[in-house]
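Scroll down for the structure; my scribbles are underneath it.
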Amino acid sequence: MDKISKERKQFAASSSIQLLILIIALIVGFVVFFKVDTIKVLRIADQKTNEVYFSTPVETSYVLTYGWIHSLEHIPWTEQYLILDNNKLLLKKITMTAFGAGIPHNKGKVTKIENGLIIMDEIDEEFDEINWIHSQTATNYIMLNDKIVLKGEDLPQHAALNLKIEKRLKIWLRFK
């Protein structure tokens, strides 16, 4: 074997070891300085373009509430959902002031009247997502844990919207 060929092999072996050391150092540095985890995010986006209009971190057992005005009967109506561990939405309760066109009369295990409101409770119906054509006047508010996060006018009029819970990867510095 000639001298040049021997030097090339040594250089190639040396370069491979240096590259391996660099990769290991980068991995160790990433693990030491960064934390990687998943978080749940509630997101509302356009059904066709996927343009995101609203996104916020949520946790299992957060309560999502829609406050609507029925488009035909013009009565207030709320729907209360529980965010589940599997990223689904569990419809728990519907509250309204009266029955009318398109309003179910037999949802849930319990139907009662309290303070002039009809309450259908223990519905326990799971949804992967919620799709609707948005009306700025029909949607009064969207709440998380009794805090209003959106009002009807915050979303585009007549847009085909989609609400779902997604898992997202989150990377952040360990030390601040």
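Things worth noting here:
- Within segment 140-150, being of a type in the set (S, T, N, Q) and either in contact with an Asp or Glu (Cβ under 9 Å, 6 or more places away or on another chain) or assigned to a loop (DSSP other than H, G, I, E, B) (or both) holds for one residue alone: 145.
- Of the listed requirements (1) assigned by TED's automatic domain parsing to the domain that holds residue 134; (2) more than 19 Å from residue 124 (Cα to Cα); (3) modelled with pLDDT of 85 or more, residue 83 misses just one: (2).
- Every listed requirement among (1) acidic (Asp, Glu); (2) assigned to a loop (DSSP other than H, G, I, E, B); (3) loosely packed, with under 11 Cβ neighbours inside 10 Å is met by residue 73 save one, (3).
- For residue 62, the stated conditions do not hold, so it cannot be described as under 29 Å from residue 169 (Cβ atoms), at pLDDT below 95 and in the same structural domain as residue 150 (by TED's automatic domain parsing).
- The residues listed here are 122, 153; of these, the one that is surrounded by fewer than 13 Cβ atoms within 10 Å (Cβ to Cβ), assigned to a strand (DSSP E or B) and not polar (S, T, N, Q) is 122.
- Looking only at segment 35-59, and only at residues there that are within 12 Å of the chain's Cα centre (by Cα) and among the hydrophobic types (A, V, I, L, M, F, W, C), the one that is modelled with the lowest pLDDT: 39
- Against the numbered list (1) of a type outside the set (Ser, Thr, Tyr); (2) in contact (Cβ under 8 Å) with a residue 24 or more places away in the chain; (3) surrounded by 10 or more Cβ atoms within 10 Å (Cβ to Cβ); (4) closer than 30 Å to residue 139 by Cβ, residue 48 comes up short only at (3).
- Of all residues making up segment 85-111, the number that are part of a loop (DSSP other than H, G, I, E, B) and in contact (Cβ under 8 Å) with a residue 60 or more places away in the chain: 2
- Qualifying residue in segment 157-174 (condition: farther than 17 Å from residue 42 by Cβ, among the basic types (Lys, Arg) and touching a residue at least 60 places away in the same chain (Cβ under 8 Å)): yes
- Boolean, residue 158 is of a type outside the set (Asp, Glu), more than 30 Å from residue 34 (Cα to Cα) and surrounded by fewer than 11 Cβ atoms within 10 Å (Cβ to Cβ): yes
The values are calculated or read from the model by the stated rules, or taken from the named source; none is laboratory data. All values derive from a computational prediction rather than experimental measurement. Glycine also receives a Cβ, built like all others from the backbone with ideal geometry; neighbour counts cover every protein chain displayed.
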